[in-house]
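Quick notes on the structure that follows.
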Amino acid sequence: MESLDPRVNRLNIKGFQGDLTRKVPLDQFGTFEVFVQEKENKPYQHEGIVHAPNKEMAFLFAKEQFSRRSTCTGLFVVETRNVFVTEFTEAEDTIYNYVSDEYPKKGDKEEYEFFHLMKRGKQHQHVGSIEARNPQEALALAKPAFINEKPVFNAWVIKTSDILFTSEEDKNIWDTLPDKKFRDASDYKASDKIKAFKERNAS
């Protein structure tokens, strides 16, 4: 059936022929895991994710989302696909009971960061680093290094070189309000400036 609108007819649009085509997927960004250090000498803790085209943009988004309003002394991001995860355990059963001593023994040694989930509903926290040739070997070596009387319900293993860490220059923007007045709204003295503006324009 042709349209009665001449503007549509000029476009030469054909009617529905009964064929179906696939919907084109959206070009979505990848996800990056964000870890935050609330205070100096405290462990880094997983805080959430951001969507970004690369690590550098992910770092900027993470700073805006996770450190603008809360206390923060450090932050880092890593692409989600570079995080190796174990399965979950329950009750008093630790994940290290299921770590195999059999693992690939090829490759050069690199540093891996370890994060433990010590309580369901909480976040993973950094517990230390291990040098290994692959994530499986790192997990096996972590068993005697990090296991204690408390159960670990889940572990994350991340190659250190895959992480984009806070630099010394970044730490400057996270100083507390008494040290950084530019983060304190009252320091702008907006009401004084408005008052002076009105006085200048009253005469």
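The values are calculated or read from the model by the stated rules, or taken from the named source; none is laboratory data. Since this is a predicted model, take the numbers as computed values, not measurements. All Cβ positions, glycine included, derive from the backbone under ideal geometry; neighbour counts span all protein chains shown. Surface accessibility is based on the protein's heavy atoms, side chains included, excluding ligands, DNA and RNA. Shrake-Rupley method; radii C 1.70, N 1.55, O 1.52, S 1.80 Å.
Residue check: is GLN123 in a loop (DSSP other than H, G, I, E, B) and closer than 21 Å to LYS159 by Cα?
Criteria met by GLN123.
When the stretch 68-81 is examined, which residues are found to be open to solvent by 40 Å² or more (accessible area, probe 1.4 Å) and within 30 Å of GLN136 (Cα to Cα)? Steps first, please.
Of the stretch 68-81, the ones open to solvent by 40 Å² or more (accessible area, probe 1.4 Å) are 68-71, 79-81.
Result: GLU79, THR80, ARG81.
Does GLU137 qualify as being acidic (Asp, Glu), assigned to a helix (DSSP H, G or I) and more than 22 Å from the chain's Cα centre (by Cα)? Explain how you work it out, then say what you get.
Working: acidic (Asp, Glu): yes; assigned to a helix (DSSP H, G or I): yes; more than 22 Å from the chain's Cα centre (by Cα): yes.
It is true that GLU137 is acidic (Asp, Glu), assigned to a helix (DSSP H, G or I) and more than 22 Å from the chain's Cα centre (by Cα).
Scan the stretch 94-115 residue by residue and report those that are touching a helix residue (DSSP H, G or I) at 6+ places or on another chain (Cβ under 6 Å) and surrounded by 19 or more Cβ atoms within 10 Å (Cβ to Cβ).
Within the stretch 94-115, TYR96, TYR112, GLU113, PHE114 meet the criteria.
Would you mind stating whether ALA91 is crowded, with 16+ Cβ neighbours inside 10 Å, outside any strand (DSSP E or B) and of a type in the set (A, V, I, L, M)?
Answer is no for this residue.
Going through the stretch 51-67 one residue at a time, which ones are open to solvent by less than 80 Å² (accessible area, probe 1.4 Å) and within 18 Å of GLU169 (Cα to Cα)?
The answer is LYS55, MET57, ALA58, PHE59, PHE61, ALA62, LYS63, PHE66, SER67.
Which pairs have Cβ atoms under 8 Å, sit 6 or more apart or on different chains, and link a residue in the stretch 54-69 that is over 21 Å from ASN82 (Cα atoms) and in contact (Cβ under 8 Å) with a residue 60 or more places away in the chain to one that is part of a helix (DSSP H, G or I) and open to solvent by less than 60 Å² (accessible area, probe 1.4 Å)?
Note: pairs meeting the criteria are SER67/TRP174.
Taking the options PRO104, PRO151, PRO178, name whichever one is part of a loop (DSSP other than H, G, I, E, B) and at pLDDT below 80.
Working: PRO104 fails: at pLDDT below 80; PRO151 fails: at pLDDT below 80.
Step by step, each of PRO104, PRO151, PRO178 is checked, and only PRO178 is part of a loop (DSSP other than H, G, I, E, B) and at pLDDT below 80.
Going through the stretch 116-170 one residue at a time, which ones are open to solvent by 40 Å² or more (accessible area, probe 1.4 Å), under 15 Å from PHE35 (Cβ atoms) and among the aliphatic types (A, V, I, L, M)?
VAL127, LEU164
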